[in-house]
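The values are calculated or read from the model by the stated rules, or taken from the named source; none is laboratory data. What you see is a predicted model; the values in this text were computed from it and never measured. Here the Cβ positions follow ideal geometry from the backbone for every residue, glycine too, while neighbour counts run over all protein chains shown.
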Amino acid sequence: MGITSSTDLKPENSDPKSQKNQVQPEKVGDSSSLWQDRLQVFVKEGACKETYTAFKDCVEEAEKKNKEPILCYPMLEKCMERHSDYYHPFLDAKKTAVKLMMKDFMPSTVWRDPGESVSPNELKEEEEREEVFLAFMRGGGCKVPFSAWEDCYDEANKNKEDMVLKCVGVFSMMTKCMDAHPDYYRPFLAAKKTAEEHMEKELQAFLSEAK
């Protein structure tokens, strides 16, 4: 799923080259395939039906050109945001998963909910953990995409923009790099997997009730 890229909505005829290092989807007819089919039906039954069609065309075109399809996702997510009264189950599940992943892996000084208060001693401890975290991230093979993500994150905060939507591209590049260096980035990948499983369970529960 990649969390921020909504890959559960991705067309199934994706480029085999991009799947070499990924777990292959289960066969049609199993529970995983069924709930993802229901999710796509749910999306198409809302106001973003035409946008979803354009999104699928964008993904297919990107894969034909061996380009990263992650840049196709913002158009669909922005449409969902405009029609959040219908799409809120998906948007809520995604945002909860992103927060879970960030909190599991990043120190609170990097990721904290607005309005959350801490004591001076707690803040000092968190700042020390942040230094260790930043040293770890900048010391691995993905320091360049991580630096790009940091810049995007800072700019989103400065301009009061949605960090998840604004930084989806650089975040995807960073996580893709980490996938290629699993031994070093194992803590992040473990947090990412936990968040993906959480989002999947939430969506499965919603779709089971809605069917």
Only one of (1) modelled with pLDDT of 75 or more; (2) within 29 Å of L203 (Cβ to Cβ); (3) not in a helix (DSSP H, G or I) fails for G141. Which number is that? (2)
When D154 is evaluated against the numbered criteria (1) of a type in the set (D, E, K, R); (2) part of a helix (DSSP H, G or I); (3) at pLDDT below 85; (4) loosely packed, with under 15 Cβ neighbours inside 10 Å, which criterion, by number, is the only one it fails? (3)
For segment 131-190, what are the residues that are more than 22 Å from P74 (Cα to Cα) and small (G, A, S)? A135, G139, G140, G141, A180, A190
Could you say whether any residue in segment 157-172 is crowded, with 19+ Cβ neighbours inside 10 Å, small (G, A, S) and either touching a Gly at 6+ places or on another chain (Cβ under 7 Å) or farther than 30 Å from E81 by Cα (or both)? yes
How many of the residues in segment 69-86 are farther than 11 Å from V168 by Cβ and either among the charged types (D, E, K, R) or surrounded by fewer than 14 Cβ atoms within 10 Å (Cβ to Cβ) (or both)? 4
Given the conditions (1) of a type in the set (F, W, Y); (2) modelled with pLDDT of 85 or more; (3) touching a Leu at 6+ places or on another chain (Cβ under 6 Å), every one holds for W35 apart from (2)
Considering every residue within segment 161-171, establish whether at least one is more than 19 Å from P89 (Cα to Cα) and among the basic types (K, R). yes
Taking interchain pairs and intrachain pairs at least six residues apart, which have beta carbon atoms under 6 angstrom, with the first residue in segment 179-199 and at pLDDT 90 or above and the second surrounded by fewer than 15 Cβ atoms within 10 Å (Cβ to Cβ) and of a type outside the set (D, E, K, R)? H181/G141
